[in-house]
1. All other residues with a Cβ under 13 Å from the Cβ of D175 taken together, and with Lys, Arg as +1 and Asp, Glu as -1, what is their net charge?
2. For the peptides 259-266, 148-155, 200-207, what is the packing order when you average, over each peptide's residues, the other Cβ atoms within 10 Å and list the highest mean first?
3. By per-residue mean of other Cβ atoms within 10 Å, what is the highest-first order of 324-332, 348-356?
4. Under a plain spin-label model, where a point goes 7 Å from the Cα along Cα-to-Cβ, how far apart in nm are V101 and A32?
5. Give, as a single signed number, the net charge of other residues whose beta carbon lies under 13 Å from the beta carbon of G158, with Lys and Arg counted +1 and Asp and Glu -1.
6. Have a look at the DSSP beta bridges in the chain and tell me what percent are antiparallel, nearest 5.
7. Taking segment 239-299, which GluC sites (Glu not before Pro) meet the DSSP loop condition and have no more than 14 other C-beta atoms within 10 Å?
8. Rolling a 1.4 Å sphere over the protein heavy atoms, what is the accessible area per residue of the chain, to the nearest Å²?
Amino acid sequence: MPSVGDLTAGNIRSGLLAGDFSATELAREALAKARAENDRTGVFLSFTEERALNAALRVDRSLAAGEPLGPLAGVPIAVKDVIMTKGERTTCASRALQDFVSPYDATAVQAIERSGAVVIGKTNCDEFAMGSSNENSAFFPVRNPADPTRVPGGSSGGSAAAVGGGYVPLSLGSDTGGSIRQPASFCGVVGVMPTYGRVSRYGLVAFASSLDHIGPFARTVRDTALLLGTIAGSDPMDSTAATAPVPDYSGGLTADVRGLRLGIPREYFGEGLEPEVGNLVQAGIDSLVGLGCEPVTISLPHTRYAIASYYLICTAEASSNLARYDGVRYSRRADRAALRDMYRDSRAESFGPEVKRRIILGTYVLSSGYYDAYYKKAQEVRALVAGDFSRAFEDVDAIITPVSPFPAFRLGEKTSDPLQMYLSDIYTITGSLAGIAGMSVPCGQTAAGLPVGLQILANHFHEQTMLNLGHAFELTRGDGPGQT
Ligand code: GLN
């Protein structure tokens, strides 16, 4: 039986149909491998063994009965622990919710299970998805599969490392300011942030509601396209989910990208970008040009204001969204006689330092004396950043940039300086503020063997163009599973 780490969703399907292995065998292997290594890797916060084996059995029974298989039949998948899985814990890597059992399934989880996927566990992340290194998990950090002394990125570090470490071919993460793209880049896997509203967020624990997305990780662009096609679409349970029809993303992977105009924003290739990363991204652009794309230098002039805007808006929204964790209806309660003490201590004991920092900052920028100076200004800047992109997309089909200024850094290297950590999000948060689609696709390794991703950004609902570019690009590289 092939190792689960070598399989894609595509070849799991053919292996099942050929009788090479059963879904149950595959689920058992994925669970055993992930469990055996978890003390070392920190990837999973919990395993959903019974649920996985039941799902695998359903696939094996359908197969035996000659029934048609769903598009993700038998594929082991990991789900970030901010996404609800009914009857299982959803902790958000926070002490606040360490015993919280999901009362319902997220729409995306329903969709993947309806397609035959086998959820094997919930992945570690930064607490409430706030962070860029996974070190803000209240429980334990995740180690980068390419180098265990380094972070996997964040906040969806566990979901990226679950794929990069070969435990599952697919996983779900969430991206608010880069939390899918940056860990995908650090772990050498493909990660997609769909357009805002393309995928229902029903059942995603809210961090910053105007910026949150659910999206896929996989080892190949083809697999991310398959998973995105499964979870995208409108949802009566989420009024922000778009009703635009969902194209056949997999069917649209022609790898023909001739004549596409690629915007190369000059603001993304300047100060702060490590030369080794810059060179790999430039080589990636050159190979897209070799496929017939036309590079166009563009300017996104408000880029330098984006970090300040993002960290005001996301903290404001977080302070409001996290108000519900007061120990009464949700979250851990401190047992105190007086009501005020109960509220104060429940929150003080529940949240880690980064979450507290954001609640305090967010409450400050929303307070009456400061609202206009900070929150309102940040929203105005957000509109300017979005305007930069809409002007650019009048002339280009996609925009190519680095994902992060540097590859995976060492555990502990940036924890003492939150501002440095925030600054590392510079290339991903602009797309988040604009609500457009973005992905990270592996574009090589540094001399030290650390993966580097190339970011492809596309206009609202132009995922197909983005995925096709990513697919064509990965086929040129010849070091991944590519076509299957
Ligand atoms: N690193 C960013 C932050 O800390 C992004 C997090 C995310 O996308 N969830 O807010």
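The values are calculated or read from the model by the stated rules, or taken from the named source; none is laboratory data. All values reported here derive from a predicted model rather than from experimental measurement. Here the Cβ positions follow ideal geometry from the backbone for every residue, glycine too, while neighbour counts run over all protein chains shown. SASA here: full protein model, heavy atoms, side chains in, ligands and nucleic acids out. Shrake-Rupley method; radii C 1.70, N 1.55, O 1.52, S 1.80 Å.
1. Values: positive: K80, R181, R198, R201; negative: D126, D212, D425.
Charge balance in the 13 Å sphere: +1.
2. Values: 259-266: 16.9, 148-155: 26.8, 200-207: 23.4.
Result, highest mean first: 148-155, 200-207, 259-266.
3. In decreasing order of mean packing, 324-332, 348-356 become 348-356, 324-332.
4. Spacing of the two 7 Å Cα→Cβ label points: 2.9 nm.
5. On the way: positive: K80, K122, R143; negative: E37, D81, D126, E127, E135.
Taking every other residue near G158 into account, the sum is -2.
6. Details: 30 of 45 bridges.
Roughly 65 percent of the DSSP beta bridges within the chain come out antiparallel.
7. Values: sites: E267, E271, E276; in loops: E271.
Filter output for segment 239-299: E271.
8. On the way: 17890 Å² over 484 residues.
Per-residue accessible area for the chain comes out at 37 Å².
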